[in-house]
1. Helix 50-61 versus the longest principal axis of the chain: what angle, 0 to 90°, nearest 10, using Cα atoms?
2. Got a sec? Charge dipole of the chain, +1 on Cβ for Lys and Arg, -1 for Asp and Glu; which of LEU105, VAL68, VAL79 is way out at the positive end?
3. Could you list the trypsin sites (Lys or Arg not before Pro) in segment 1-76 that lie in coil according to DSSP, counting only those with at most 12 other Cβ atoms within 10 Å of their Cβ?
4. Starting from the 7 Å offset along Cα-to-Cβ, what nm value, one decimal, do you get for the label separation of LYS28 and ILE7?
5. Give the residues of segment 24-42 whose amide nitrogen is closer than 18 Å to a point set 7 Å from the Cα of ARG71 in the direction of its Cβ.
6. Please report the carbon-and-sulfur percent of the accessible area for the chain; probe 1.4 Å, protein heavy atoms only, DNA, RNA and ligands left out.
7. Of all DSSP beta bridges in the chain, what percent run antiparallel (nearest 5)?
8. Structure shown: which of LYS38/LYS116; LYS28/LYS116; LYS22/LYS96; LYS28/LYS96; LYS39/LYS96 lie over 23 Å apart, alpha-carbon to alpha-carbon?
Amino acid sequence: MTDSELIVDEFDQQPFSILVAKDSPLAKLTEVSFNQLKKESFILFKNNFVHDRVFHTLAQQNHIRPQVIFRSSEAQSIVNMVADGIGVSLLTQAVKINNPNVVALRLTDEAQPVFKIGLAYRQSTVFGNDQQHILTMIRDALGL
């Protein structure tokens, strides 16, 4: 499928952050470059998440091979493991962190991907009345 066959209504972009335990030496910082994390152990989402692609892109740009010690499909599991000091993580700011034992650090890398959120559908899609109504409501609410 080509991009010309799709309609994409993007309605948000969120940067990625590095999550560390609040008692980590890194937690004293407010921002960090990915290269500074080359000796850290990472806890990441499983390979089918966009986070994995972003992680590999940042590692490749920085010419490093950080160690991945655990993968999960659950954000809360990742956050809990970071809070326990098991490792650090790369997570989009679209995921709200409510754990007081975790600190989010801004990435300073110049070329870094962003997490884009939106609706995508084929141009040839024929929506039913209810679907069209929902799509119109979403677009109106988002000013699209």
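1. Helix 50-61 sits at roughly 50 degrees to that axis.
2. After comparing all options, I get VAL68.
3. Working: sites: LYS22, LYS28, LYS38, LYS39, LYS46, ARG53, ARG71; in loops: LYS22, LYS38, LYS39, LYS46.
Here the trypsin sites (Lys or Arg not before Pro) that fit, given the DSSP loop and packing criteria, are LYS39, LYS46.
4. Result for the modelled spin labels: 5.4 nm.
5. Answer for this model: 41-42.
6. Working: 4420 of 9080 Å².
Answer for the chain: carbon and sulfur cover 49 percent of the accessible area.
7. Details: 17 of 25 bridges.
If I count the DSSP bridges inside the chain, around 70 percent turn out antiparallel.
8. Values: LYS38/LYS116 26 Å; LYS28/LYS116 29 Å; LYS22/LYS96 16 Å; LYS28/LYS96 20 Å; LYS39/LYS96 26 Å.
Pairs exceeding 23 Å: LYS38/LYS116; LYS28/LYS116; LYS39/LYS96.
The values are calculated or read from the model by the stated rules, or taken from the named source; none is laboratory data. The model shown is predicted, which means the values in this text are computed figures rather than measured ones. Ideal geometry is used to build each Cβ from the backbone, glycine not excepted, and the neighbour counts take in all protein chains shown. Ligands, DNA and RNA are excluded from the accessible area calculation, which covers all protein heavy atoms including side chains. Shrake-Rupley method; radii C 1.70, N 1.55, O 1.52, S 1.80 Å.
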